[in-house]
Every structure is written in structure tokens, then in C-alpha cells.
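Notes for the one structure printed next.
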Amino acid sequence: MKLAFPIKLSRQTTVWLWFASVAVLALLAAALAHGMGTRPVPRLPVQLTPSGPQLSSESLLVKSLIEIRHNHLDVALNDIDNLLHLNPNFRLAHLIKGDLLMARARSIHTLGDVPDPTSPHVEGLREEARKRLQHYVEQPRAEQIPKYLVQFEPNQKYAVVVDTSRSRLYLFENKQGEPHYVADYYVTSGKKGSDKIKEGDERTPLGVYFITSHLPKNKLADFYGDGAFPISYPNEWDKRLGRNGHGIWLHGVPSDTYSRSPRASSGCVVLTNPDLDELGRYLQIGVTPVIISDSIEWMNAADWRAQHEELSKYVEKWRTDWESRNAQSYLDHYSKNFSSGNLRYDDWSSQKRQVNAGKTWIKVNLSRVSVFRYPGQDNMAVVTFLQDYHSNNLSNQMRKRQYWLQENGLWKIVYEGSV
Amino acid sequence: MSRYRIFSALLTAGAIFFASPAVADELQEINKLVKQGQNTAALERLNGYLNSHPKDAQARFLKGLILTEQNKPSDAIAVFTALTQDYPELPEPYNNLAVLYASQQQYEKARIALEMAIRTHPSYATAHENLGDIYAKMASLSYDKALQIDKGNTSAQTKLSMIRDLFSPAAGAKAPPTKTEPAKQASAPAPVALPAPPKPVAPTVSAPLPQPVAKVAAAEPLPVKEHKESKPIQGDQNAVLESVNSWAQAWSKKDVKAYIASYTRDFKAPGGNRADWEKSRKERISHQKSIQVAIVAPKVTIDGERAVVNFKQIYRSDSLKTSTHKTLVMVKTSNKWLIQEEQVGH
């Protein structure tokens, strides 16, 4: 049995409780107080004036949370209804709608004040709210560049950089060699976290990978949604470390789902179907790098240029030292920890010295050079190029990949092999 | 001037509803049949009555109730819908319409109907209460979608109150309504209902006794409550809440006698002296022109014959508006729950 008119009076405190319970909303509050932070943002994520018919789903979600912050509950509910009209399977939106309705009936104590508020399901949705909101509160500056994107090869039109800790995928365009921000998307990653080591550990690998193929929707189970783009895990470095597992893909979500919670996959990077469709238009099979990090380091343009020049210089020096036929200066580019296939440094270097002795001239031309810093491994870079080799007794052309590691301040090659 | 208005209201009311005592008697007879569970017979007589009095709001309202009890929701909806069209100023048909919509899982329609009820009578407690239930139900549907729980149609029904106010409850007490009762109603409104303006149809709204609310779908306990509770405790819990409700209503009505009667004889009066406390309460309460007391989110803990009730109390009088946390310690005394201790704050 219930007594008389509680509804209007309890609402304000109710919503405050609700809001206070979500840690990241405090972040939001702080950001709003400082005019969305001190850093300029790439695009205005949320128009607070209700004018934009073009608001993205996520913007609508964030806008509704901001409306709640301002205690405009009716506006918030209206936004959520619009959002659900666009995406009827957006579970987080249903959860917030539930809260907005429930707040009219009784006090709400947490986001997702369901009968069992500690169930992993609700926790996942709360985490999604945090991640999505966090993105709008702490966006990187438009002109900032992830430090991984040192150098594109000319035909690499785009690069994908994933930040698993923020559940975000960024797309950068190669504009005359410089990376420019294009878009970003919310993503789901491995339920046990990142830094994949072995088959079945349900983690997302950290490293530099490439899109290897495209699996269209009609070839896949509904679970993968609008399609899948497998990536090259395990790469050369993973294999060297003995890491295994397979089938790490970028893929979509089942048709009854709009998005999955931040940590829910078995290691894949999962996007909403609309986002996957959009991203898919930019991806080049065998070409586009997918760099997965658990914490992106951002650089300004000047630092980026300096890094670019430093690494280019090393690669160029390696090339000219090879052409010089001075075996020692050439081998100085290689780490004592170098290995290639089954060969360790000692065997490999004596072999090289032998070969080198038979040369009267060497001509090496490098083209299509790309350089990417390696996440999850301090001071490592992956260099890929087309090598055009000519000498007095041999000529060949090959695609080669090197892993360079900084040792005592100097970049050395720790792995080299054909692609 | 004011005398004249009351007088004219009475005349109008009498002209429509009490012109023929036989008419009132007929409705009372029909009600008696309903009370005895003879819905079919009651409906038959009611239809006969409606043939000669097709516009009679009270009779149509009763018909809606009977159809509801006969589990004919579509017919009942038609009756109540027509009533809202002919008498848009009456909140009760909207309320009952909402209850019926809710029983058909048409929550959005239920919500709109309840909001209409509240628009006509902004402080209409039952409609607010029902609206709360509807929102809770809609919320739980959203939660289910969020968590991918498909409960189908077996999910818990909302617990909504069907209103029987249009139907004179005095009929059960055999006494035919006297002409003084509507006037009494006008001067002593129900705790949260606004006194209805003396329009021709108003007396039908203002039942001689306030708030005899019957639960139609009362089988389920409140959604927030645990289902584990055993039946007798559930009954006690309802009894305790009802006592708290009557206490708040007596206070709201400035009915000092009923208010004082809500306390045990050994009530721990502040200051220690019960007689002094009684006197000061009498003075304070009767001093106010109007009082409204609402109980929000009551929590009941029962231990045998003793119950502790925590709630937020919202008090409004002409001079004061407060919101406090209150704890009542209640004891079961000759089958009634009475207040033994009253504490403000946590």
C-alpha cells in the first residue's frame, strides 16, 4: 500500500543521488564547470541547444546525461526516447530510460537501479556509460597525433589506432605523410583485458597489426554483425615471444544488439554495426595498420616531426651502411639480441660477413617505407618497406619488415624478415 | 454570499441526484447486489436503470466497475472512456481507465490517462500513487530490455488502485444519503483532494465519505518489496501502513480526536506528560487553516506485536512547509496498530 503524493518532492534529491553514484559523472561535472576543459576539442561533441537533427547516437546519450546533470529530466527522457527510436537495441539507453522513469516512482540510488544492481550485466552497462562519457570529457586535441604513427607508406590511406583502456578506436588519414584525425568509435575489447599472450586468454593483443582480409556479413554468423576484418595477430614479435592464439578480428555486433559493454569480447575489437560499416569503407586489405594500445600517448606536431626524422635517419643510415660494404658498420645496426627465423646474432652476422666479402658493389633502394611505434613495448618500432637490391652477383626485390628497439639510446634491429 | 452559493449548489445537486429518493435507492440496491457478488443481476438492473437515465455518471461509473470485475476490460474501457468524454473534469474515470489499460500492458495509455486525472485534480493522491506504479512498471520494462530479460507476459502485474469513489459507499450502511452530507464534504475536504467547485456534476465526485479505495489487482505486493515475506507479515505490514495512513489523514483533516486516537495510552509524549501533549497538539492542529501530511517511502519492520516505521514526512500548513524523517514505533493493541513512540530525524 502506498501513501499520497511523493513524486515531485523526491525527484531532485533522487536524481542527485543517482548522479553522484556514477564516478565519471563527477568528471563530467568538473569538465562542464571549466567549460569542457582547458583543451580545445576536435568537434563540439554535444550541442546543448536542441537544434541538431544530426546528433550521433552517442551524442544523444551524452546529451541526455548532461540534461540529467542539469535536472532537465523531461528533456533527458525525450532524448533517450529519440535515441531508442534510432537504435531500439541500445541497452544502455534502455537502462537510463528505466532510471528516468523509476525516478518518478521512487528514489534511485545508482545508475541502473534494477532489482539486482550488482549483476555483471548492469556493471557492464555502467562501464559503457563511463567510457562513452569519459570520451566526451577527455577528448584528445584535434591536432594531436598518437606517437605510434611515425610514417605512413604512400598507399596507406588510413591508420586505425585502438585504445583499449578507453574503449575507443581512432581513425587517422594519411595527408601527404601526416596523420590527420578523421573519426573515432566506441569499441568493446577482451573481457579479461589486453596484452594477449595465449589462445583462449580472452584478451586483446597489444601491438602493430594489419588488416588481412574482409569477411562479409553473409559468410558469418549473426554474432559478428555486419562483417569482420581479421588482423595479423600473432605478428613476428608475438611469435618470437611465444605468444599464440588466433582469430583476432575487428567485427560488428549481433542484430539484436546496438553495442556491447567495454569488456565483453574474447579478444576481438567490436564496433557497433553502423560504425563497422562506416569504418569498413576506409580499410585497405593487407595495407591498413591496426595499432592496439592500452594507453595511447599523444604528441604534438613538432614532437611528431622530430620522432619521424630521427627514425628515418636510422633507416637511411642502415641502407647506406649496407651499400658501403663495410660489414662492421652495417652489423652495428643489429642488436646482440637479434634473431631471424632460427638464426641468432652470431651465426647470422658471420654469414653476413661472408656474403659481404664476395661483393664488389651493392645498391639498395627502399620504397613504400612505413614506420610505426609499438605499443606495449617501450621504444620499439616496426619498419616495413619494399627493398630493391642489386649487387655484382645478386639482385632481388622483397617486402621486408624490421623491428627496431632502442638500446642505450641507439636504435638497433632485433628482428628482420620478409613479409 | 457564500451561504447562497452552498445553498444553490445543494439545490442543483438535489435536483439532479436526490430529486427522487427512489432513484438513489435503486442505485443502492444495485450496489448491494454488487457487494454480494451478484454482478450479473446487478448489471441487468443497472442497464434497465441506464435506459431511463442514460447520462447518469454514477450509474455509468458503477457499470464500468462491474464490467471490470466481470473481467471484460474492453467493455469497461469503453464505459470509462465515454465518461471521460462527457465529464472531462472528473478524475476518477481517468484513473480507472488507466488501471484497465495497465492490466492490458498498455502503459503509455495508462500514463496519459493518469496524467489527465492529475491535471483535473492536481493533488489527487490515488492517481499519483498509480502513476508511480506505472512509471515503475515502465521502468522495469526498460530494465528488462537493458538486461535482455524476456519476461513475456508473466511479469508481475502493477498494483493499481481502482477507484470506487463515484459510487456512494454510504449505500452499504443502509442510510440513504441526506442532504447535509455534500455540504459537509465541501467544508471538510479529503486530505489531498481539492474541494470540488459546486458545478452540477460535482456532487457525484464528492462522495460523502473520503477515499474508500478498493484494490483491484492487489494480489501482488509492492514491486520494491521482497516476495519472501510470508502472508501474515504481509497482512500486518499492510495493517501498519494503513494505520500510518489514517494517522496522516486524521492530521490532514485536523481531526484531532482521530489523530489523538492513533496513539497508545502509554504513548511516550515529548515532555513526559500525555495530557499536556494532547492539549498542545489540539491547539496547534486546530490553529491551522489547512494541513497536508504526506508519507513518502515508508519502511516497516515488524517484530511480533511491535512495528517500527521509517518514512519521510512532508508537512504543509498555511504557515509551515517541512520535510523530515520520522520514525514511529507502533504496537498492536486490541487488533489495531497504535503509535507508542514518535521520533523526528534518523
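Of the conditions (1) assigned to a helix (DSSP H, G or I); (2) within 24 Å of A:Trp304 (Cα to Cα); (3) of a type in the set (Asp, Glu), A:Glu173 clears all except one; give me its number.
(1)
Residue by residue, here is whether (1) modelled with pLDDT of 95 or more; (2) over 21 Å from A:His121 (Cα atoms); (3) within 11 Å of chain B (Cβ to nearest Cβ) holds:
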site: A:Leu65; (1), (2), (3): no, no, no
site: A:Ile68; (1), (2), (3): no, yes, no
site: A:Leu73; (1), (2), (3): no, yes, no
site: A:Ile80; (1), (2), (3): yes, no, yes
site: A:Leu86; (1), (2), (3): no, yes, no
site: A:Phe90; (1), (2), (3): yes, no, yes
site: A:Ala93; (1), (2), (3): yes, no, yes
site: A:Leu101; (1), (2), (3): no, no, yes
site: A:Ala105; (1), (2), (3): no, yes, yes
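Under the condition of being of a type in the set (Val, Ile, Thr) and over 13 Å from A:Leu65 (Cα atoms), which residue from the stretch A:107-139 is nearest to the other protein chains (Cβ to nearest Cβ)?
In this case the residue turns out to be A:Val114.
I need the full set of residues from the stretch A:313-345 which are hydrophobic (A, V, I, L, M, F, W, C) and part of a strand (DSSP E or B), in order please.
If the condition is that a residue be hydrophobic (A, V, I, L, M, F, W, C) and part of a strand (DSSP E or B), then A:Phe338, A:Leu343 are the ones that fit.
Can you list residue pairs whose Cβ atoms sit under 7 Å apart, with the first residue in the stretch B:131-145 being at the interface with chain A (Cβ under 7 Å from one of its Cβ atoms) and the second being aromatic (Phe, Trp, Tyr) and surrounded by fewer than 24 Cβ atoms within 10 Å (Cβ to Cβ)? Count only pairs 6 or more apart in sequence or on different chains.
B:Met138/B:Tyr107
Looking at the stretch B:265-308, which of the residues that are more than 14 Å from every other protein chain (Cβ to nearest Cβ) and of a type in the set (S, T, N, Q) is farthest from the chain's Cα centre (by Cα)?
Looking at the filtered set, the residue picked out is B:Asn273.
Condition first: surrounded by fewer than 19 Cβ atoms within 10 Å (Cβ to Cβ) and in a strand (DSSP E or B). Now tell me which residues in the stretch A:402-411 satisfy that.
A:Gln406, A:Glu407, A:Leu410
Among the residues that make up the stretch B:323-342, is at least one of them under 20 Å from B:Ser123 (Cα atoms) and either within 23 Å of the chain's Cα centre (by Cα) or in contact (Cβ under 8 Å) with a residue 40 or more places away in the chain (or both)?
Yes, that holds for at least one residue.
If A:Glu202 satisfies every condition in (1) within 13 Å of the chain's Cα centre (by Cα); (2) in a loop (DSSP other than H, G, I, E, B) but one, which is the exception?
The single condition A:Glu202 does not satisfy is (1).
Does B:Arg60 fit the bill of being in contact with an Asp or Glu (Cβ under 8 Å, 6 or more places away or on another chain), at pLDDT 90 or above and among the charged types (D, E, K, R)?
The answer is no for B:Arg60.
Identify all residues within the stretch B:289-309 that are out of contact with any Leu (no Cβ under 8 Å at 6 or more places or on another chain) and closer than 17 Å to B:Gln249 by Cα; write none if there are none.
Selection gives B:Lys289, B:Ser290, B:Ile291, B:Gln292, B:Val293, B:Ala297.
If A:Pro45 satisfies all but one of (1) at pLDDT below 50; (2) touching a helix residue (DSSP H, G or I) at 6+ places or on another chain (Cβ under 7 Å); (3) within 14 Å of chain B (Cβ to nearest Cβ), what's the number of the condition it fails?
Going through the list (1) at pLDDT below 50; (2) touching a helix residue (DSSP H, G or I) at 6+ places or on another chain (Cβ under 7 Å); (3) within 14 Å of chain B (Cβ to nearest Cβ), A:Pro45 breaks only (3).
Filter the stretch A:216-250 for residues that are in a helix (DSSP H, G or I) and within 30 Å of A:Asn337 (Cβ to Cβ) and give the result. Even if it seems obvious, please write down each step before you answer.
Going residue by residue through the stretch A:216-250, those that are in a helix (DSSP H, G or I) are A:217-219, A:222-224, A:236-240.
Within the stretch A:216-250, A:Glu236, A:Trp237, A:Asp238, A:Lys239, A:Arg240 qualify.
Mind checking which pairs have a first residue in the stretch A:105-133 that is free of Cβ contacts under 8 Å to residues at least 12 places away in the same chain and a second that is polar (S, T, N, Q), Cβ under 6 Å, 6 or more apart or different chains?
Short answer, once both residue conditions are applied: A:Pro117/A:Thr110.
The values are calculated or read from the model by the stated rules, or taken from the named source; none is laboratory data. Since this is a predicted model, take the numbers as computed values, not measurements. Reconstructed Cβ throughout: ideal geometry from the backbone, glycine too, with neighbour counts over all protein chains shown.
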